[in-house]
């Protein structure tokens with residue numbers, strides 16, 4: 001698998017706020033955690049519900065991949081995101097695969113302040 005291409009396509013789906021396309025990257029029983037999901041969530045239905053609410057409550061977001069590192073059964077990826085032209089974020093994903101889809105995804109985010 002070309003993890004750089006996978007990561008770029010996946011982040012583009014986040015930028016596009018395309019819930020159904022994003023679900024296609026995740027295994028049906030995937031575990032997902034970010035700073036807003038307390039103990040994380042599991043499965044497509046929970047992820048669909050979370051993403052629909054998240055995208056409905058956020059301005060436009062533009063994700064740009066920075067780099068990826070291959071690890072056993074997955075990758076770690078660092079990215080930048082501009083939110084509504086106001087805030088800039090730097091994030092890091094831990095991605096573990098279940099087959100050819102994401103089975104485990106942990107997201108860590110740092111605020112960088114005003115977007116430039």
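Here's the yes/no breakdown for (1) in contact with a strand residue (DSSP E or B) (Cβ under 8 Å, 6 or more places away or on another chain); (2) without any contact (Cβ under 8 Å) to a residue 60 or more places away in the chain; (3) closer than 23 Å to residue 64 by Cα:
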position: 9; (1), (2), (3): no, yes, yes
position: 13; (1), (2), (3): no, yes, yes
position: 19; (1), (2), (3): no, yes, yes
position: 25; (1), (2), (3): yes, no, yes
position: 28; (1), (2), (3): no, yes, no
position: 34; (1), (2), (3): yes, no, yes
position: 39; (1), (2), (3): yes, yes, no
position: 45; (1), (2), (3): no, yes, no
Checklist entry - Listed residues 72, 66; which is over 13 Å from the mean Cα position of the chain (by Cα), more than 20 Å from residue 20 (Cβ to Cβ), surrounded by 12 or more Cβ atoms within 10 Å (Cβ to Cβ) and at pLDDT 90 or above? => result 66
Checklist outcome for this item: Restricting segment 25-46 to residues that are out of contact with any helix residue (DSSP H, G or I) (no Cβ under 8 Å at 6 or more places or on another chain) and surrounded by 12 or more Cβ atoms within 10 Å (Cβ to Cβ), the one nearest to residue 111 (Cα to Cα) turns out to be 34
Checklist entry - Taking segment 32-53 on its own, how many of its residues are part of a helix (DSSP H, G or I) and within 12 Å of the chain's Cα centre (by Cα)? => result 2
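The values are calculated or read from the model by the stated rules, or taken from the named source; none is laboratory data. Note that this is a predicted model, so its numbers are computed, not measured. Note that we place each Cβ from the backbone using ideal geometry, even for glycine, and neighbour counts take in every protein chain shown.
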